[in-house]
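Everything on this sheet refers to the single structure shown next.
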Amino acid sequence: MPGGGDNPVDVLGDGHAGRRERRGHQRVKGSMVPEAEFASYYGRPILKKPTWKNPDVPLYLWGGGMAGTSAVAAALGDVTGRPMLRRGGRLVAIGGAVAGTVALIHDLGRPTRFVNMLRVIKPTSPLSIGSWILSPFAGLAAASAASELTGIAPRLGRLAGFGAALLGPPLASYTGVLLADTAVPAWHEARNELPLLFAASGAAAGAGAQLVVTGLTRAERRERMPMVRLAVAGAAAEIAVGEVLERRLERLPGDIAGAYRTGKAGRWNRAARILTAAGGLGALLAGPADRRGRIAVVASGVALAAGSMATRFGAFEAGVASAADPQHVVVPQRARLTAQDGPSRSEGSWLADATSPVPHN
């Protein structure tokens with residue numbers, strides 16, 4: 001071998017064998033393969049970016065989470081004799097369901113497309129199951145809210161409220177499964193955490209909405225104390241699951257965690273954590289039901305709801321950025337292939353294959 005021994009070959013003839021920097025490539029000592037630059041052929045992305053509209057889909061994700069938790073809060077208020085909590089929960093539940101449905105239909109383009117999703121039920125499709133969760137939930141939430149406002153058929157309204165409460169937790173969490181069931185790396189690789197993150201975020205948003213409702217009156221603290229506890233627990237869980245998600249993605253090849261920490265997604269996620277922490281802490285430290293205490297409770301509720309919305313926007317933007325980054329697509333796939341093939345295929349060889357152009361005649 002030219003150069004003798006185990007020394008790397010001076011390919012360029014400039015006397016600096018082993019380490020090169022040229023046009024962004026860097027040779028590692030002892031390796032003939034330059035560090036990979038990830039680019040797709042002809043500048044086209046490997047994966048199609050999600051065609052879902054922004055802000056329609058993030059608002060749909062947020063509205064469903066808040067509505068589902070509010071329906072559970074309304075049923076809790078009904079059973080424990082808290083009429084203000086029951087009323088507020090029912091109204092927020094139908095408001096969130098309507099807002100989410102409108103955003104979804106606007107994203108689809110035509111109302112008939114939403115109706116067409118209800119023509120069949122496909123257990124293996126999160127979107128199909130989600131449509132069948134949202135539709136009956138909206139109907140039951142509307143019936144319970146109508147009974148609450150008019151006083152007509154209170155027993156039927158109560159039954160409808162309990163039905164909505166049963167569908168509330170699936171409504172708050174299935175959207176995380178929906179995103180994770182795609183090929184988008186930032187969503188699919190976080191498939192273990194996204195449903196939990198959305199469920200915790202929905203709990204924080206729903207509890208925050210109820211703190212706003214109860215905080216505007218001079219009612220006893222008894223009315224809002226369950227929501228204070230739920231707000232604190234939801235905020236803590238949302239922050240904890242988000243941290244676990246990013247730390248686990250750090251250990252995966254391809255820097256997928258960077259999709260959640262940089263760009264628009266990074267800004268949304270940082271805002272989400274600040275708002276959620278502030279809202280949870282404010283709810284925990286809220287004083288008696290005097291004027292200042294009510295203002296603090298309302299501010300905490302608004303912060304929790306806003307933090308939950310920012311979490312949804314952060315997750316959405318992370319997916320959009322990840323689908324456009326070839327590194328997020330290529331590296332995890334090649335790493336899995338290397339693990340299957342064993343040590344016979346080195347890291348440098350598959351990195352080179354991932355970025356080498358296809359010859360054309």
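Taken together, the criteria place residue 297 among residues that are modelled with pLDDT under 95 and buried (at least 22 other Cβ atoms within 10 Å of the Cβ). If you go through the range 121-156 and keep only what is more than 16 Å from residue 87 (Cβ to Cβ), touching a helix residue (DSSP H, G or I) at 6+ places or on another chain (Cβ under 7 Å) and open to solvent by less than 40 Å² (accessible area, probe 1.4 Å), you end up with 126, 130, 133, 134, 137, 138. Residue 75 meets the conditions (1) over 15 Å from residue 203 (Cα atoms); (2) in contact (Cβ under 8 Å) with a residue 40 or more places away in the chain in every case but one. The failed one is (1). Taking the criterion of being under 26 Å from residue 222 (Cβ atoms), of a type outside the set (A, V, I, L, M, F, W, C) and either out of contact with any Gly (no Cβ under 6 Å at 6 or more places or on another chain) or part of a helix (DSSP H, G or I) (or both), the residues of the range 250-299 that qualify are 276, 279, 280, 282, 288, 290, 291, 292, 293, 294. Would you be able to say whether some residue in the range 171-182 is of a type in the set (Asp, Glu) and either in contact (Cβ under 8 Å) with a residue 60 or more places away in the chain or open to solvent by less than 30 Å² (accessible area, probe 1.4 Å) (or both)? Checking the range 171-182: not a single residue is of a type in the set (Asp, Glu) and either in contact (Cβ under 8 Å) with a residue 60 or more places away in the chain or open to solvent by less than 30 Å² (accessible area, probe 1.4 Å) (or both).
Okay, residues lined up against (1) in a helix (DSSP H, G or I); (2) farther than 23 Å from residue 92 by Cβ; (3) modelled with pLDDT under 95; (4) not acidic (Asp, Glu):
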| position | (1), (2), (3), (4) |
| --- | --- |
| 159 | yes, no, no, yes |
| 173 | yes, no, yes, yes |
| 196 | yes, no, no, yes |
| 202 | yes, no, no, yes |
| 217 | no, no, yes, yes |
| 235 | yes, no, no, yes |
| 240 | yes, yes, no, yes |
| 246 | yes, yes, no, no |
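Report, by residue number, each residue of the range 229-271 that is touching a residue at least 60 places away in the same chain (Cβ under 8 Å) and within 26 Å of residue 73 (Cβ to Cβ). The answer is 230, 231, 234, 235, 238, 242.
The values are calculated or read from the model by the stated rules, or taken from the named source; none is laboratory data. These figures come from a predicted structure and were not determined experimentally. Don't worry about glycine lacking a Cβ; one is built from the backbone with ideal geometry, like all the others, and counts go over all protein chains shown. The area values use the complete protein model at the heavy-atom level, side chains included, leaving out ligands, DNA and RNA. Shrake-Rupley method; radii C 1.70, N 1.55, O 1.52, S 1.80 Å.
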